[in-house]
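The block underneath contains the structure these notes are about, expressed in structure tokens.
The values are calculated or read from the model by the stated rules, or taken from the named source; none is laboratory data. The structure displayed is predicted, hence computed values, not measured ones. Positions of Cβ are generated from backbone atoms using ideal geometry, with glycine treated the same way; all protein chains shown enter the neighbour counts. Note: areas computed on protein heavy atoms with side chains; ligands, DNA, RNA excluded. Shrake-Rupley method; radii C 1.70, N 1.55, O 1.52, S 1.80 Å.
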Amino acid sequence: MDHPETPARRRWQEGLIVVAVAAEAVATTLLADSAIGRWQGVLALLLGVALLARHRHWPWLLPLVQIANAFSGSITVLIIATYTFSTRCPNRVLTLLFALLAAGTATLTPLLLMGDQPEAALMTIVLTTLVVAASTSIGLYTAVRRALLAELRERAEQAESGRAAAEEQARRAERTRIAREMHDIVAHKISLVALQAGALEVNPDMGREQVQQSASLIRGTATTALSELREVLGVLRGDEEQAPLAPQPTWEDVRRLVTTSQEAGVSVDLFDFIDDPVPDPLARTAFRVVQEGLTNIHKHAVHTRARVALIGEPGTDLVIEVSNVLPKGFTTDLPGARMGLSGIETRVTHAGGSITSGPTDDGRFEVRAVIPWPTAT
């Protein structure tokens, strides 16, 4: 089981292994009273060098090193090989077999050299077995610890990635909401301004009083639009937890939308069959539907007749219909953001209703929303 190591840490490990094995080999060579002892020191040093390749070739290299170590008797090579195999092998059965191999090969030399000293041989076997058991146990603990740290690191990365994704999704949703609010607040007023200015342009012979009245209406509409826009931008710039919000539209504002369009010169009729008080959340949704419908009429069908129908009562549905006669040959320079209908569709759907838009069989374009009207509790 590979694990991340920094290059500096790995160099220190390799250096310590070489120093430890070299120190044991030199000591074995110097203390040896025969040629066999000196060859054991040289072999131990060679095995220590071979251990430097343990990271890539451990499955077959470490068993070979352990078998060859039976002839060198190096306790350092024994510990390093046993520990390394235990930390990297995911199969616990193979780890146990390797530990038995290590214990068997490590006790082979003492049994051969101390056959006439059974007590010393037995003590050497016990100590060697304890060393192998300790090395294996520490290696298994290290493997478990590394796996746990890797899992915790992966979970932390997943949590961080999930948090970043959630933040990005929240930012996108907030940008969409802000764009929808800006469209709802500004588009209607600006379309009225363009409509009123267009009326002045196409009627150059309009009387002074009518010009003043139209200019006053344009100024008032533009001022209202700028004021509402400043309020929205103020909320975006505010650092307070609760930034001041503009007053939300009520049911009277729904009726006032039709009046404003009529004052701007649009031929729109209001069919209001609502007698009961309309809850504010429902009124706000209805306001946006009527506002978007009239805005589209201002842009694309200003010379046609239009109507707004409001029908419903508590416990049933509030039905909103904004329609106009399909224009023939009329064009407009006003741009379409293509997000107004999408925005009110989101609002209506969120309120549990449904909305449709498109041409009708009687030659009209109709926006029709049906929204549940809960009974007051």
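Quick rundown of the values:
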{"item": "Whether the range 29-72 is rounded, prolate or oblate, judged on the alpha carbon gyration tensor where a/c under 1.5 counts as rounded", "result": "prolate"}
{"item": "Where Asp253, Asp280 fall by accessible area, highest first, once all protein chains stay in place (1.4 Å)", "result": "Asp280, Asp253"}
{"item": "Rough spin-label spacing in nm, given labels placed 7 Å along Cα→Cβ, for Ser267 and Trp39", "result": "11.8 nm"}
{"item": "Backbone HN-Hα couplings from phi across the range 348-360 [Karplus 6.51/-1.76/1.60, Hz, Gly and Pro as x]", "result": "5, 4, 4, 7, x, x, 9, 9, 10, 8, x, x, 10"}
{"item": "Virtual spin-label span in nm between His350 and Arg153, 7 Å along Cα→Cβ", "result": "4.3 nm"}
{"item": "Cα-derived Rg to Rh of the range 44-94, Kirkwood definition", "result": "0.94"}
{"item": "Placed amide H near Leu318: partners under 5 Å, 5+ positions off or other chain", "result": "Ile371, Trp373"}
{"item": "Radius 13 Å from Cβ of Glu157, net charge of other residues (Lys, Arg +1; Asp, Glu -1)", "result": "0"}
{"item": "Net length gained if the chain between Leu46 and Val144 were fully extended (0.36 nm per residue, minus Cα distance)", "result": "32.2 nm"}
{"item": "By average C-beta atoms within 10 angstrom, highest first, the peptides 267-274, 159-166", "result": "267-274, 159-166"}
{"item": "Other-chain or far-sequence residues with amide H under 5 Å of Leu270's (modelled H)", "result": "Val308"}
{"item": "Sequence ranges 288-295, 140-147, ranked by mean other-Cβ count within 10 angstrom, highest first", "result": "288-295, 140-147"}
{"item": "Stokes-Einstein D in µm²/s, Kirkwood radius over Cα pairs - the range 6-115 at 25 °C with 0.890 mPa s viscosity", "result": "171 µm²/s"}
{"item": "Karplus 3J(HN,Hα) series, Hz, for the range 61-78 with 6.51 cos²θ - 1.76 cosθ + 1.60 (x for Gly, Pro)", "result": "6, 5, x, 5, 4, 5, 5, 5, 5, 5, 8, 9, x, 7, 6, 5, 4, 4"}
{"item": "Additional length obtainable on full extension of the chain from Thr259 to Glu119, 0.36 nm per residue less Cα span", "result": "39.1 nm"}
{"item": "Accessible surface ranking that places the most exposed of Arg255, Arg92 first, with a 1.4 angstrom probe", "result": "Arg92, Arg255"}
{"item": "Inter-label distance for Arg92 and Ala309, nm, one decimal - labels placed 7 Å from Cα along Cα-to-Cβ", "result": "7.6 nm"}
{"item": "Theoretical FRET efficiency, 1/(1+(r/R0)^6), r = Cβ-Cβ of Thr176 and Asp280, R0 30 Å, to 0.05", "result": "0.85"}
{"item": "Distance histogram for the range 119-172 (every C-alpha pair counted, 5 angstrom bins, percent rounded to whole numbers)", "result": "4, 17, 10, 11, 8, 9, 8, 6, 7, 5, 5, 3, 3, 2, 1, 0"}
